[in-house]
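Here is the structure we will look at.
The values are calculated or read from the model by the stated rules, or taken from the named source; none is laboratory data. Since the model is a prediction, treat every value here as computed from it, not as a measurement. Here the Cβ is made from the backbone with ideal geometry for all residues, glycine too, and neighbour counts use every protein chain on show.
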Amino acid sequence: MAETPTRSAARSAGEAAPARARRSRGPRTPRPGPGLPQPPDTAGAEAPDTAVPAAPDTAGTLVGFYRQMLLVRRFEERAARAYTEAKIGGYCHLNLGEEATVVGLMAALRPTDYLFTNYREHGYALAKGIGADRVMAELYGRSTGVSKGWGGSMHLFDAEARLLGGYGIVGGQVPLAAGAALAVSYKGGDDVVMCQMGDGTTAIGGFHEALNIAALWDLPAVFVVVNNGLGMGTAVERSAAEPELWKRGAAYRMASARVDGTDVVAVRDAARLAVERARSESRPYLLEAVSPRLKGHSVVDPARYRSKEEKDALKDADPVARTARRLADAGILSPEDRDRIDAEVTAEVEAAAAFADASPQPDVSTLFDYTYATPVAGEQRRLPADPVFRS
């Protein structure tokens, strides 16, 4: 992990860059697959002045990270099963394989910090402290869900937890996060806005517009690109001329870094640095977490675009299994503790599924309750089957 050069260094490098003649070239040959994340070569980059060595993590903290990761894993596995049982409708995108990134990012935030995510957000809601029962109930479309049953898998929202969405439109959350950071800056205080997105979002115009305005206006925002190697089924190397996405921050003179997204402590440390810079200096930051997903883009994607070698590499990079091995090797997690945690987490997830199954459907009369934040005169609440005029 390392940062981009300073403003003056970036300016000098840009002025000295020689012009290159345009040449014809064929299609780029993709790498064998996501494999294990490789941090970029950033020899000579300077650490920020704000970097302060943190105290070593306790065994309890590390085991706590593992428990949270396992909760996300078991929750997503249970959600996949419920989808096949037709208890979850619509689209459903899972965090399988991204558990270390999810937990590490959330560990760097204060409870008062804001979070915007894309549609792959179940684990973030759990790690932000929202109960598994309310998250599962939302996936089931029940009134006890985090969005009262009207949001579903892609639109989790909890103002109290300061989770301000799941967004189904690719990149839709990025300008909104910049707007929230502007509101924080305008009102004062030291809250930070974190905006999570997938690698495909970095090709969206709103991504560049939001980063540009955040840098111009010194907004306290941390933009996190979760690079799982594939935009749906297209390898990043085939869609991005610069596949090391963290480097895009240089275009806006924004501090940026890349981190191994399968290492929960590394992600936490990288995110903590980014968040504290945004908090103390009111400067935006771009963080790329390389975190290959284990399954397809959504629960209905069989991921046939992956070779056997790629699938084997993904199994080796499984962050939950790797974390368990590391803790065991360090003498922190015994086999008995691992089995106990697994049993506790599995029971919690099964209880959440039972709660969701027993919860009522939302009443149709509540469909328009949250169209506006405050009452609006003449608001249209007519349902498709209702008459235009009533006698």
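Things worth noting here:
- Among the conditions (1) surrounded by fewer than 18 Cβ atoms within 10 Å (Cβ to Cβ); (2) assigned to a helix (DSSP H, G or I); (3) at pLDDT 95 or above, the only one that F75 does not satisfy is (1).
- Output for region 188-212, where each listed residue is in a helix (DSSP H, G or I) and in contact with a Gly (Cβ under 9 Å, 6 or more places away or on another chain): D199, G200, T201, T202, A203, G205, G206, F207, A210, L211
- Region 100-115: number of residues that are assigned to a helix (DSSP H, G or I) and more than 18 Å from L156 (Cα to Cα): 4
- Residue in region 264-281 that is surrounded by the fewest Cβ atoms within 10 Å (Cβ to Cβ), counting only those that are closer than 22 Å to G198 by Cβ and of a type in the set (V, I, T): V275
- Of all residues making up region 338-381, the number that are surrounded by fewer than 12 Cβ atoms within 10 Å (Cβ to Cβ) and either closer than 18 Å to S147 by Cβ or of a type in the set (D, E, K, R) (or both): 12
Here's the yes/no breakdown for (1) under 23 Å from T201 (Cα atoms); (2) outside any helix (DSSP H, G or I):
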| residue | (1), (2) |
| --- | --- |
| M69 | no, no |
| A80 | no, no |
| Y83 | no, no |
| C92 | yes, yes |
| G123 | yes, no |
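- Extreme residue, surrounded by the most Cβ atoms within 10 Å (Cβ to Cβ), among residues of region 109-146 that are among the hydroxyl-bearing types (S, T, Y) and in contact (Cβ under 8 Å) with a residue 60 or more places away in the chain: T117
- Summed over region 256-275, residues that are of a type in the set (S, T, N, Q) and within 17 Å of A324 (Cβ to Cβ) total 1.
- Residue within region 282-294 that is surrounded by fewer than 17 Cβ atoms within 10 Å (Cβ to Cβ) and more than 17 Å from L115 (Cβ to Cβ) present: no
- Every condition in (1) more than 19 Å from Q68 (Cβ to Cβ); (2) surrounded by fewer than 18 Cβ atoms within 10 Å (Cβ to Cβ) holds for Y252 except the one numbered (2).
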